[in-house]
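First up is the structure itself, then whatever we jot down about it.
The values are calculated or read from the model by the stated rules, or taken from the named source; none is laboratory data. Model, not experiment: these values are computed from the prediction. As a convention, Cβ positions derive from the backbone with ideal geometry for all residues, glycine included, and neighbour counts pool all protein chains shown.
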């Protein structure tokens, strides 16, 4: 008869001691990691951190080189570029500013909604994992005291202490799963929030002919020079 191969190691030991609750928590941790990796891949594909194209495109647009500005945005998957292209194409097509603003808001909301996909499952993992860990601890404590009661007068302190640490194991696993999930969720949400802020800034500059960073620096330097001359 072939020997039975059993898994060994800390994970196998935790699964054996923690039972179904630890198994569920391990599955949740795998799901959370998969979501984080998926979001990072999505962000990398659209180059979510890129903003270098904004100032040149706006400079072309306000200088009357509208075709050049639209051409520079073609093919870009960055949500800021997509929202800018939507507003500029609407204006270039002869529509009014109100219509262009509505189109930019629609496109921007669609892009932001796509970026926030799968945030809810990650939030559920972060909030549910500690509760599952606590549930496993309570169930383990019940089992430990039941064994203590069954022992009667032949009480062995090892029975109680062993049951307690096995029960507390599920709480520890729940926290280990929840803490990275909550941290990753807050980091991803901050990335999307920053994108939203930059998108609003870029769209406002389309309609208000706002100055770019270089223009603001040049004007500030000119003002300082004039003040010094006086």
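Can you pull out the residues in segment 68-94 that are surrounded by fewer than 14 Cβ atoms within 10 Å (Cβ to Cβ), without any contact (Cβ under 8 Å) to a residue 24 or more places away in the chain and touching a helix residue (DSSP H, G or I) at 6+ places or on another chain (Cβ under 8 Å)?
74
Based on what the data block shows, is residue 178 at pLDDT 90 or above, assigned to a helix (DSSP H, G or I) and surrounded by 12 or more Cβ atoms within 10 Å (Cβ to Cβ)?
Working: at pLDDT 90 or above: yes; assigned to a helix (DSSP H, G or I): yes; surrounded by 12 or more Cβ atoms within 10 Å (Cβ to Cβ): yes.
Spelling it out, residue 178 is indeed at pLDDT 90 or above, assigned to a helix (DSSP H, G or I) and surrounded by 12 or more Cβ atoms within 10 Å (Cβ to Cβ).
This table checks each residue for (1) in contact with a strand residue (DSSP E or B) (Cβ under 8 Å, 6 or more places away or on another chain); (2) more than 20 Å from residue 192 (Cα to Cα); (3) buried (at least 16 other Cβ atoms within 10 Å of the Cβ).
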site	(1), (2), (3)
107	no, no, yes
113	no, no, no
123	no, no, no
127	no, yes, no
132	no, yes, yes
137	no, yes, yes
143	no, yes, no
